[in-house]
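Worksheet: the structure to be examined is printed underneath.
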Amino acid sequence: SMAMQAQKMRCAWGRLCLLLSLLLQLPGSQAKCYFQAKAPCEYEGKQFSLGESWLSTNCLLCTCLHPVGVGCCETTQHPIDFPDWCEAHYDSQTCQISVVQKANPSLPCVKSVEHEWGSAGTPEPL
């Protein structure tokens, strides 16, 4: 019956939501998650079964949610509050983001005398 099918689907989604919320509880992460319905649990020719995870080349942690699809979450920490004289530098090899000085990207973005955090009219991060 239709109601029975809806009930089954809700159960699957409930499990999926639980799984995604667990994935999202990475400390301090601003991770974005994506869900692909009906996506095959296959990556680079390798088959995965329900609950198995893999790290894709674009730094997404994907989990097989067979038969409903595949859920992927970003593993990279995205820094959100840093001064405007700095920029986030993304390293696709290590899946790491570092915050560096725009004027000299080889230097990390650190608090210094000439650059006060929260200066230039930007409020202090709460």
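The values are calculated or read from the model by the stated rules, or taken from the named source; none is laboratory data. It should be emphasised that the depicted structure is a prediction, and the values quoted were computed from it without experimental measurement. Please note: Cβ atoms are built from the backbone with ideal geometry, for glycine as well, and neighbour counts cover all protein chains shown. Just so you know, the surface numbers come from the protein's heavy atoms only, side chains and all, with ligands and any DNA or RNA stripped out. Shrake-Rupley method; radii C 1.70, N 1.55, O 1.52, S 1.80 Å.
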Would you check which residues across the range 70-97 are at pLDDT 85 or above, open to solvent by less than 50 Å² (accessible area, probe 1.4 Å) and either closer than 20 Å to Cys59 by Cβ or aliphatic (A, V, I, L, M) (or both) and list them?
Val70, Gly71, Cys72, Cys73
Can you tell me which residues in the range 41-67 are closer than 21 Å to Gln96 by Cβ and either open to solvent by less than 50 Å² (accessible area, probe 1.4 Å) or assigned to a strand (DSSP E or B) (or both)?
Ser53, Trp54, Leu55, Ser56, Cys59, Leu60, Leu61, Cys62
